[in-house]
Amino acid sequence: MNTEIPTRAFRVLPDWVDFNGHMGDFAYGIAFSRAVTALMEEVGLDDAYRAESEATLYTLEMRIGYQRECHEGDAFTISTRVLAVDAKRMHLYQEMLDESGERLAWCEQVLLHVARKSGAPRAARFRPPLRRASRRWKRSSGTNLTRYGSIDRLVSAEAPRVRMVRAGQVFRTIKLRRPPWPSHCF
C-alpha cells in the first residue's frame, strides 16, 4: 500500500525565468508554496474548511537551498515530508527533483494555523477534524491515510522517511563565518 504524501509535478513556466536565463529564486518559492497548498487541500484545509472556520495556514519561515539550475520547460516534481505537527504548527521538508531524480532544490517550512474570524489574524489550534483521519486524502489522491488516523499519526508513520532527509539541511542556521580580521576593517 502506498502511504507517501503524493508528489506534485510542475514545469518551469516562461515567467518563472529570470534575466540569467534560468528559473528565478522567486519561482522556487512559488513552486514549493503550491505544493504546500495541494497538501493543505488533501489533509482537509480545503476551501470548505477555510470558508467555514475562517482559518488557514500562514508561512512563518521558509528556507530554500538551491542545488542545480532548471530552465524554461524543464519538468520537475516536489515531494513533501511532514517532520512535526503541534497544536498550531506544521514543520515540513520538501525536495524538488528533475526528471532523472537529481535534486534541484530543497525547502524547509514552518506553517502556522491562523484564524481570521476576529478580523485580525491570530494563531489558533488546529480544529479536531484535522487531528483525525481525513477521508478527503483517500478520495483525492488514492493514498490511504485512514491507516494513520490523524495528522499526528501521519508524522509518526513518516518518521523512517524523515530520517532520510539529508543531514545538515534541516534545522540549519544561516550565518557567515566571522572574518579573521576586525570588523572595523570593512
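The values are calculated or read from the model by the stated rules, or taken from the named source; none is laboratory data. Only a predicted model underlies this, so the values are computations on that prediction, with no experimental measurement involved. As a convention, Cβ positions derive from the backbone with ideal geometry for all residues, glycine included, and neighbour counts pool all protein chains shown.
Side notes on the structure shown:
- For region 4-22, the count of residues that are small (G, A, S), within 19 Å of V114 (Cβ to Cβ) and either touching a strand residue (DSSP E or B) at 6+ places or on another chain (Cβ under 9 Å) or at pLDDT below 95 (or both) is zero.
- Here A120 fulfils each of the conditions (1) among the aliphatic types (A, V, I, L, M); (2) touching a residue at least 40 places away in the same chain (Cβ under 8 Å); (3) more than 21 Å from V17 (Cβ to Cβ) apart from (2).
- Filtering region 100-125 to residues that are assigned to a strand (DSSP E or B) and aliphatic (A, V, I, L, M) leaves L104, A105, V110, L111, L112, V114, A115, A123.
- Screening D18 with (1) acidic (D, E); (2) in contact with an Asp or Glu (Cβ under 9 Å, 6 or more places away or on another chain); (3) crowded, with 16+ Cβ neighbours inside 10 Å gives one miss only, at (3).
Here's the yes/no breakdown for (1) in contact with a helix residue (DSSP H, G or I) (Cβ under 7 Å, 6 or more places away or on another chain); (2) at pLDDT 90 or above:
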residue: R50; (1), (2): no, no
residue: I64; (1), (2): yes, yes
residue: H71; (1), (2): no, yes
residue: I78; (1), (2): yes, yes
residue: L97; (1), (2): no, yes
residue: R103; (1), (2): no, yes
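- Single residue of region 5-15 satisfying the filter (surrounded by 13 or more Cβ atoms within 10 Å (Cβ to Cβ) and of a type in the set (A, V, I, L, M)) that is farthest from G101 (Cα to Cα): L13
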